Amino acid sequence: MTELLDRFGRKHTYLRISVTDRCNLRCLYCMPEEGMVFMDQDKLLSYDHILEVASTAAKLGIRKFRITGGEPLVRPGLEELIAGLSALPGVDDISLTTNGLLLAPQAAKLKEAGLRRVNISLDTLDKARFKFIARRGNLDKVWEGIEAAAEAGLNPIKLNCVLLKGVNEDEIGRFLKLSMEQPLHIRFIEYMPIGHDDANWRDHYLPLSRVLEEATRLGYALEQDAGPKGSGPSENWRIAGGAGTFGLIHPISEHFCKNCNRLRLTADGHIKPCLYWVDELNVRPALGSPDEMEQLFRKAMDIKPENHEMAALLAGDKQSHVPTERRMSQIGG
Ligand code: SAM
Ligand code: SF4
């Protein structure tokens, strides 16, 4: 079988798999505090069905899987899925994005099943602010998760920090210091209007040029860095002599679509060629038929747009396609 090439010559080697849209937090940039309607459990693809989709993906050249959600660790038995993905021929990287709250008791068994590395979301180092941003949960539990991940040998450990104007921008310096003192990789991320072009986004969107300005203000000597494994679209830096690195993921102020190599599978079984637009392909009718499943991946390549147009949205310009109504928790990030 030939590889997955889209109309713009981009080769796709990476599939992000969401296993649930449910979550034990309600981060203010991801979902509303109240009234989020979750999928019925019978709408979720079973692990066997996910593995069936992933098996065709691997035959078509997908080498890297990331498990995400909602919060993936609220779905029981994730180690089964990880073990199944690890056993697929050609797969060389399995990672997880989690809010970390439930990670401590599971880190070792996930590693044993084949998980290589984790991204843990951490938008603040302040306990009270954690409650404000995540609206639930507790920062100490996240740190327990980070420590357990390190003990289990998950490596690298990246911390995803969505920067929000007027909320956590004053913590850039503390995060930079953390990247200097510990072997942790901070990934600053721009707040994206996925499924919600609203006042919350317009009020809190912050371009990541702020991070480099702050590093300069603090007098840090910066070195460009290749970044840890799986750095994808991140622009990576190390403070000279630092134990870890920091990276900037700036889809709005500087989009990186020309190197996009990723597809997404939602928890209810839809392939999304692009995070931002509405287009998606239902895998259920293709289950049981590897040929039809392959055709679905090929179709995803045919309909994948050249780029998202989040910058146009910010500028108030007309867009060329229709944005998705799914929130980030219903796609997986
Ligand atoms: N619950 C897990 C977590 O929080 O890590 C995994 C799912 S979450 C949707 C995946 C990533 O998307 C997280 O790092 C989160 O911070 C990020 N995210 C969610 N909403 C976002 C938004 N509107 N803009 C940018 N990043 C967002
Ligand atoms: Fe949950 Fe992750 Fe969304 Fe926060 S970012 S509400 S932890 S899915």
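The values are calculated or read from the model by the stated rules, or taken from the named source; none is laboratory data. Keep in mind the model is a prediction, meaning the values are calculated, not measured. No Cβ is skipped: glycine too gets one built from the backbone with ideal geometry, and neighbour counts run over all protein chains shown. All accessible areas refer to the heavy atoms of the entire protein, side chains included, with ligands and DNA or RNA removed. Shrake-Rupley method; radii C 1.70, N 1.55, O 1.52, S 1.80 Å.
In this structure, does Gly227 turn out to be farther than 28 Å from Ala128 by Cβ and more than 16 Å from ligand 2 (Cβ to nearest atom)? Yes; evaluated as a whole, the condition is true for this residue. Take the conditions (1) within 12 Å of ligand 1 (Cβ to nearest atom); (2) of a type in the set (Gly, Ala, Ser); (3) touching a Lys or Arg at 6+ places or on another chain (Cβ under 6 Å); Ala152 misses just one of them, which is (1). Scanning the stretch 311-333 for residues that are hydroxyl-bearing (Ser, Thr, Tyr) and farther than 23 Å from Leu44 by Cα turns up just one, Ser320. Please verify whether His270 is open to solvent by less than 60 Å² (accessible area, probe 1.4 Å), closer than 25 Å to Gln41 by Cα and under 17 Å from the mean Cα position of the chain (by Cα), treating the condition exactly as stated. So His270 passes the test.
Listed here are the residues, each with its yes/no results for (1) within 21 Å of Tyr29 (Cβ to Cβ); (2) surrounded by fewer than 21 Cβ atoms within 10 Å (Cβ to Cβ).
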position	(1), (2)
Ala149	no, no
Leu159	yes, no
Lys165	yes, yes
Asn168	yes, no
Ile172	yes, no
Lys177	no, yes
His185	yes, no
Phe188	yes, no
Asn200	yes, yes
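Scanning the stretch 1-25 for residues that are assigned to a loop (DSSP other than H, G, I, E, B), open to solvent by 10 Å² or more (accessible area, probe 1.4 Å), of a type in the set (A, V, I, L, M, F, W, C) and over 18 Å from Leu275 (Cβ atoms) yields a single hit, Met1.
In the stretch 29-55, how many are open to solvent by 10 Å² or more (accessible area, probe 1.4 Å), touching a helix residue (DSSP H, G or I) at 6+ places or on another chain (Cβ under 6 Å) and within 16 Å of ligand 2 (Cβ to nearest atom)? Within the stretch 29-55, residues that are open to solvent by 10 Å² or more (accessible area, probe 1.4 Å), touching a helix residue (DSSP H, G or I) at 6+ places or on another chain (Cβ under 6 Å) and within 16 Å of ligand 2 (Cβ to nearest atom) number 1. Filter the stretch 234-244 down to the residues that are over 18 Å from the mean Cα position of the chain (by Cα) and of a type outside the set (A, V, I, L, M), then identify the one that is farthest from Leu208 (Cα to Cα). That would be Gly241.
Filtered by the rule that a residue be under 30 Å from Glu3 (Cα atoms), open to solvent by less than 10 Å² (accessible area, probe 1.4 Å) and over 14 Å from the mean Cα position of the chain (by Cα), the stretch 87-125 gives Asp93, Leu110, Leu115. Of Pro305, Pro323, all but one fail to be within 16 Å of ligand 1 (Cβ to nearest atom) and in contact with a strand residue (DSSP E or B) (Cβ under 7 Å, 6 or more places away or on another chain); the exception is Pro323.
Yes/no matrix, rows are residues, columns are (1) touching a residue at least 60 places away in the same chain (Cβ under 8 Å); (2) not small (Gly, Ala, Ser):
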| site | (1), (2) |
| --- | --- |
| Gln224 | no, yes |
| Gly227 | no, no |
| Arg238 | no, yes |
| Leu248 | yes, yes |
| Pro251 | yes, yes |
| Lys258 | yes, yes |
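Residues in the stretch 65-86 that are more than 16 Å from ligand 2 (Cβ to nearest atom) and open to solvent by 10 Å² or more (accessible area, probe 1.4 Å): how many?
Summing the residues that are more than 16 Å from ligand 2 (Cβ to nearest atom) and open to solvent by 10 Å² or more (accessible area, probe 1.4 Å) in the stretch 65-86 gives 7.
Count of the stretch 128-156 residues, restricted to those that are outside any helix (DSSP H, G or I) and more than 18 Å from Lys109 (Cα to Cα), is 4.
Cβ-Cβ contacts under 6 Å between residues 6 or more apart (or on different chains), taken from a first residue in the stretch 37-52 that is of a type in the set (Lys, Arg) to a second residue that is surrounded by 15 or more Cβ atoms within 10 Å (Cβ to Cβ), are listed as Lys43/Asp268.
Checked against the criteria, Leu159 counts as in contact (Cβ under 8 Å) with a residue 12 or more places away in the chain, within 16 Å of ligand 2 (Cβ to nearest atom) and outside any loop (DSSP other than H, G, I, E, B). Quick check: is even one residue across the stretch 128-140 open to solvent by less than 50 Å² (accessible area, probe 1.4 Å), on the phi < 0 side of the Ramachandran plot and among the polar types (S, T, N, Q)? Taking every residue of the stretch 128-140 in turn, none turns out to be open to solvent by less than 50 Å² (accessible area, probe 1.4 Å), on the phi < 0 side of the Ramachandran plot and among the polar types (S, T, N, Q).
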